[in-house]
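The values are calculated or read from the model by the stated rules, or taken from the named source; none is laboratory data. Just so we're clear, the structure is a prediction, and the values are computed from it rather than from any experiment. Cβ: placed from backbone, ideal geometry, glycine included. Neighbour counts: every protein chain shown.
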Amino acid sequence: MTESGPRWARPVLYAAAAYNLAFGAFAVLWPRGWFELSGIPVPEALYLWQCLGMVVGVYGLGYACAARRPLRHWPIVLVGLSGKVLGPIGFLDAAVRGVLPWRAGWLILSNDLLWWMPFASLLLAARRHHRS
């Protein structure tokens, strides 16, 4: 196996890059959009949502870079997976405390849970590659 890793690694990372860049741009350019589409009250501090969108977009740039050589750039994938695990934990905390409505959790599916298996599998492939 070369540094490109499993055959599916590049397309998955490019898909993650495209998704994150698109979602980040959506959150920055139309900050009320997700709330309005979800039927969730629009918060006053939309700049925080826009900041989160900027961070998500920057992750997208990282995934695009990692896609060129996934096994070499595994730390980018590790940082991404860490965020995709911590994000749902933060959501659960906010929902339990009543800060966010439970129906806001559907966003966790596409932003986080969808990527757990491919990112974890890529990290395992990188571990095997670097051990050999």
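If you check A27, A17, which single one turns out to be in contact (Cβ under 8 Å) with a residue 40 or more places away in the chain, crowded, with 16+ Cβ neighbours inside 10 Å and either in contact with a strand residue (DSSP E or B) (Cβ under 6 Å, 6 or more places away or on another chain) or part of a helix (DSSP H, G or I) (or both)?
Numbers: A27 fails: in contact (Cβ under 8 Å) with a residue 40 or more places away in the chain.
Being in contact (Cβ under 8 Å) with a residue 40 or more places away in the chain, crowded, with 16+ Cβ neighbours inside 10 Å and either in contact with a strand residue (DSSP E or B) (Cβ under 6 Å, 6 or more places away or on another chain) or part of a helix (DSSP H, G or I) (or both) holds for just one of A27, A17, which is A17.
Among the residues of segment 30-39, count how many are surrounded by fewer than 13 Cβ atoms within 10 Å (Cβ to Cβ) and touching a helix residue (DSSP H, G or I) at 6+ places or on another chain (Cβ under 8 Å). Show your work before the answer.
The initial filter retains those residues of segment 30-39 that are surrounded by fewer than 13 Cβ atoms within 10 Å (Cβ to Cβ), namely 32, 36-37, 39.
Then drop every residue that is not touching a helix residue (DSSP H, G or I) at 6+ places or on another chain (Cβ under 8 Å), which leaves 32, 39.
Number of matching residues: 2.
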Original post:
Could you list, in sequence order, the residues of segment 45-89 that are over 16 Å from A16 (Cβ atoms), free of Cβ contacts under 8 Å to residues at least 24 places away in the same chain and surrounded by fewer than 17 Cβ atoms within 10 Å (Cβ to Cβ)?
Top reply: A45, L46, Y47, L48, Q50, C51, L86, I89
Original post:
Since V42 meets every condition but one in (1) in contact with a Lys or Arg (Cβ under 6 Å, 6 or more places away or on another chain); (2) surrounded by fewer than 17 Cβ atoms within 10 Å (Cβ to Cβ); (3) at pLDDT 95 or above, which condition does it not meet?
Top reply: (3)
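When residues of segment 37-81 are filtered for being part of a loop (DSSP other than H, G, I, E, B) and closer than 21 Å to F26 by Cα, how many remain?
So in segment 37-81, the residues part of a loop (DSSP other than H, G, I, E, B) come out as 39-45, 69-73.
Imposing the further condition that a residue be closer than 21 Å to F26 by Cα reduces the set to 39-45.
Result for segment 37-81: 7.
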